[in-house]
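Novice: Handing you a structure now.
Values in this text are rule-based calculations from the coordinates and carry no lab data. Source: prediction; values computed, not measured. So basically every Cβ, Gly included, is an ideal-geometry build from the backbone, and we count neighbours across all protein chains shown.
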Amino acid sequence: MPQSAYVAPKSKEDLDLNVVKSFLIYYKEITEKTGKQLSWDYGTSAFPYNIMGHDENWFYLKGTSEEYRGIVIGLTEDALQIVLPDYATHGDKAKANELCKFLAKKMNGDLTLFNGRTMYTTKK
């Protein structure tokens, strides 16, 4: 059974898949820079996905190895939904949790995790 997490931004204007896609590209870039500083290929370990199938309401992160198969990201009426399909691995769930926290911080939104618990983001 698929599992879902939700990022509900404070403002509805922040719900845009192009913005989410740009955040994921930024995440990949900063992890690659960290890897260069460490002389290690950290970028492919930190973001082992290719962004595929961009539609107006969803896109797909396709895994690049056997440990990571895929994550679906889409829009609901008032939140960003991150879905782990039935075939998702434990690695996908761990990366999805990490990406959810990153996106919630960037979008300044509240995060409802896969286990149903909510993490609230507040700026100081």
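Novice: Could you give each residue of the stretch 95-106 its phi-based ³J(HN,Hα) in whole Hz, using Karplus coefficients 6.51, -1.76, 1.60 with θ = phi - 60°, and x for Gly or Pro?
Specialist: These are the phi-based 3J(HN,Hα) values: 5, 5, 4, 5, 5, 4, 5, 5, 5, 4, 5, 5 Hz.
Novice: Comparing VAL72, VAL83, VAL19, which has the greatest mean-square fluctuation in the GNM of the chain with Cα pairs linked when under 10 Å apart?
Specialist: VAL19
Novice: Assuming R0 = 30 Å, can you tell me the calculated FRET efficiency for the pair ASN115 and SER39, based on Cβ-Cβ distance, to the nearest 0.05?
Specialist: 0.25
Novice: Given the DSSP H assignment, sum -39500 (n - 2.57) over each helix run of at least 4 residues in the chain and divide by its residue total; what's the result at 222 nm in deg cm²/dmol, nearest 500?
Specialist: Computed ellipticity for the chain at 222 nm equals -12000 deg cm²/dmol.
Novice: Subtract the Cα-Cα distance of GLU32 and LYS93 from 0.36 nm times their separation in residues, and report this length gain in nm to one decimal.
Specialist: 19.8 nm
Novice: Out of these labelled values of log10 I(q)/I(0) by the Debye sum over Cα atoms at q = 0.13, 0.18, 0.19 Å⁻¹, [x] -0.50, -0.96, -1.06; [y] -0.61, -0.88, -0.93; [z] -0.56, -0.99, -1.08, which was calculated from the coordinates shown here?
Specialist: Entry [x].
Novice: Pick out, in residue order, every one of the chymotrypsin sites (Phe, Trp or Tyr not before Pro) in the stretch 23-101 that is DSSP loop and has at most 13 other C-beta atoms within 10 Å; say none if there are none.
Specialist: Filter output for the stretch 23-101: TRP40, TYR87.
Novice: In addition: Have a look at LYS12, LYS106, LYS28 and tell me which one the Gaussian network model of the chain (Cα, springs below 10 Å) gives the largest fluctuation.
Specialist: LYS12
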